[in-house]
Structures are given as structure tokens and as C-alpha cells.
Amino acid sequence: MSSRKIATRKLGKSGLQVTEVGLGCWQLGGEFGPISESDAHSIVESALDEGVRFFETADVYGAGQSENHLGEALFKSSATTVVATKYGRAHGVYPDGYSFNSMRDSVLRSQDRLQRDKIDLLQLHCIPHEQLEAGHVFDWLEELKLQGQISHYGASVETLAQAKTCLKYEGISSIQLIFNLFRQTAVESLFDEAQRKQVGIIARVPLASGLLSGKLSKDTHFDESDHRFFNRQGDAFAIGETFSGIDFETGLKHVNSLYRHYKPATLKMPEFALRWILAHPAVSCVIPGASSAAQVIQNSRAANLPHLESTLHKNLFKFYNEQIKTTIKGEI
């Protein structure tokens with residue numbers, strides 16, 4: 001195994017040390033197009049070789065396929081890893097079938113697929129805001145923690161309003177949300193409070209479903225099983241999960257502006273996008289997905305790149321507020 005290292009950060013009050021760049025495993029479930037077992041294992045193994053030690057998945061990705069692939073690949077490794085999964089979007093549970101029994105049963109099934117005796121971090125999976133406000137789910141998470149089924153818990157949310165509701169619960173260790181160059185509002189509206197309450201931020205959709213990779217064009221074809229094909233208008237789930245809620249063609253124009261006016265010449269577009277996220281101390285980890293070993297390598301090495309200049313950060317925030325924010329569909 002490679003001796004390559006990635007710096008770690010503490011995940012909120014959990015005390016867990018997670019690599020600054022993790023691996024988001026949604027794609028291992030086939031939602032970005034079909035994926036073979038060998039390709040899935042190759043992606044995870046490449047991440048391990050690059051020093052990635054934080055892996056994030058969910059019980060519903062490919063109806064458990066992502067957890068299976070991840071569990072099998074990690075079982076073959078001697079590396080110490082932190083694994084996070086999620087509960088809350090399964091058929092019969094979402095949007096109003098939540099119960100302690102269904103949460104416990106989901107965790108037990110995840111443990112089997114991931115081949116782990118305990119889940120390091122269990123996250124609520126973008127459940128309705130009214131469920132978060134009612135608070136029962138947080139009581140159940142505490143019970144599972146007491147029973148030794150999970151070590152820590154957090155929440156993956158769709159909106160900043162949901163994130164702020166989650167911050168009211170003392171036991172929460174992390175909040176996962178969409179945060180990238182196309183979604184910057186959390187910097188001023190959430191991060192300071194999260195740091196005060198020792199809640200780590202996990203940044204998802206960091207490359208805006210591939211837009212910020214700089215490799216997509218108006219001629220790019222997406223498989224019909226890819227959410228970038230079927231969820232552009234939010235027909236299947238929250239519109240923000242696909243291209244960060246921005247129309248594809250408009251997003252390409254934004255990327256062109258970033259490339260021409262803001263991206264340092266020494267960085268590739270994904271390196272630039274990931275390095276910008278990691279400049280924020282409230283962020284514990286960023287979880288880009290990857291459909292190949294080459295993407296894993298490029299993404300993971302963003303952690304060791306030089307910091308961006310403060311003037312550039314100010315200019316990027318201005319560009320976001322003046323040009324990008326008004327083009328986002330759905331609630332931020």
C-alpha cells in the first residue's frame with residue numbers, strides 16, 4: 001500500500017479524525033450509471049492507496065449495493081478507516097414512516113453489508129424538516145448510541161434551515177450539506193455557529209455533480225440511470241443534489257467564467273474547487289465521488305495543495321452573490 005498521507009481534521013465533538021478528503025460512495029450504487037463490482041472495488045482500493053480514510057455511503061444507494069461494495073473492499077484492507085452511512089430515505093420510511101425499530105433495523109442491515117460491528121457515524125438522510133423539528137429521531141439516535149450500535153450521529157440536510165434546526169440538538173456531531181463554489185451561503189449563515197457548537201461540516205456535491213470538474217460540455221451524454229439525466233428538474237429527489245440546483249447549460253457558463261477569470265493557472269478545475277472548500281476551517285471533510293481510480297487520485301491530492309489567496313476568496317464570494325446565487329433552483 002502507498003505511504004501517501006492526507007491530513008486529518010476532527011469531526012466535531014465526536015473526536016473522530018477524518019481525512020480532509022474522503023470518498024463519497026453514491027456512485028458505487030449505480031446512480032451515476034452502471035458500475036461493476038471490480039470497478040467499485042478498484043475505486044475504493046485507489047482511495048485507500050492515496051491515504052483516504054473516510055468513506056461515506058447510505059443504505060439506499062443501489063438498494064444496499066454501495067454498502068456491499070464498500071464493505072467488501074474495506075474488509076480486504078488493514079487500514080483503519082471511518083465509515084459513515086445514512087438512514088431515512090428508504091421506501092416505507094420516507095417521508096413519514098420513521099420509528100426506532102426501522103432505524104435500528106436499518107443499522108443492523110448496514111452493519112451486515114459494511115461488515116462492521118458498529119457504525120462509526122450514522123446520519124439522518126435528508127428527512128423532512130418537520131421530522132427534525134419534532135426531535136424523536138434524535139432520541140432514537142441517542143438510544144442506538146447507548147446500545148452500542150453506532151458510535152456517533154449526524155444529519156445530512158438539503159437546506160440551511162434544516163441545518164440550523166439540527167444544531168439545536170446537543171448530541172449531534174456533524175452536518176452534511178451541499179457546499180461548493182456554486183453554493184457558498186453557509187459561510188456566513190451557518191459555519192460560525194457550527195464551530196461554536198463543535199459540529200463538524202461534511203461538504204457534499206463538492207464538484208456540483210461534475211460541473212466543477214471542468215470536463216462536462218453541452219455535448220456530454222448521461223446514461224438514463226444517471227440522476228444527472230433524470231433529476232434535472234427535481235423529479236426524483238431534491239433538485240439541489242443535481243448540479244447544485246443550477247440549470248446544466250447555465251452551470252457550464254458559470255464554470256467558463258471561473259476558468260477564465262478566477263482559477264489559478266497552476267490548478268486544474270477540480271483541484272481549485274476542492275482546495276477552495278478546504279480553506280474553510282468549519283469544514284471537517286469534503287466527500288467527492290469518483291467513477292475511476294484517476295479521479296480518486298486527482299481529488300485526494302487536492303488536500304496537499306497550497307492555500308488560495310484571501311483576495312481570491314473575496315472575489316469568488318462576490319461572483320457567487322452577483323452571478324450565481326440567483327440562478328439556483330430550490331431552497332438553499
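The values are calculated or read from the model by the stated rules, or taken from the named source; none is laboratory data. Treat the numbers as computed from the prediction; the structure is a model and nothing was measured. Cβ: placed from backbone, ideal geometry, glycine included. Neighbour counts: every protein chain shown.
At a glance:
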item	result
First in region 70-84 and under 20 Å from Arg4 (Cα atoms) and part of a loop (DSSP other than H, G, I, E, B), second anywhere and modelled with pLDDT under 95 and not polar (S, T, N, Q), Cβ under 9 Å, 6 or more apart	Ser77/Met1; Ser78/Met1; Ala79/Met1
Number of positions in region 303-320 that are part of a helix (DSSP H, G or I) and free of Cβ contacts under 8 Å to residues at least 12 places away in the same chain	4
Test: residue in region 246-266 that is within 16 Å of the chain's Cα centre (by Cα) and at pLDDT 95 or above	no
Test: residue in region 63-80 that is within 21 Å of the chain's Cα centre (by Cα), surrounded by fewer than 20 Cβ atoms within 10 Å (Cβ to Cβ) and β-branched (Val, Ile, Thr)	yes
Looking only at region 274-294, and only at residues there that are touching a residue at least 60 places away in the same chain (Cβ under 8 Å) and assigned to a helix (DSSP H, G or I), the one that is surrounded by the most Cβ atoms within 10 Å (Cβ to Cβ)	Leu274
Residue match in region 97-118 (condition: aliphatic (A, V, I, L, M), surrounded by 17 or more Cβ atoms within 10 Å (Cβ to Cβ) and touching a His at 6+ places or on another chain (Cβ under 7 Å))	no
Index of the failed condition, Gly51 passing every other in (1) on the phi > 0 side of the Ramachandran plot; (2) in a strand (DSSP E or B)	(2)
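Yes or no, residue by residue, for (1) in contact with a Cys (Cβ under 8 Å, 6 or more places away or on another chain); (2) within 18 Å of Leu160 (Cβ to Cβ); (3) modelled with pLDDT of 95 or more; (4) buried (at least 23 other Cβ atoms within 10 Å of the Cβ):
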| position | (1), (2), (3), (4) |
| --- | --- |
| Thr185 | no, yes, yes, no |
| Ser217 | no, no, yes, no |
| Ser225 | no, no, no, no |
| Arg232 | no, no, yes, no |
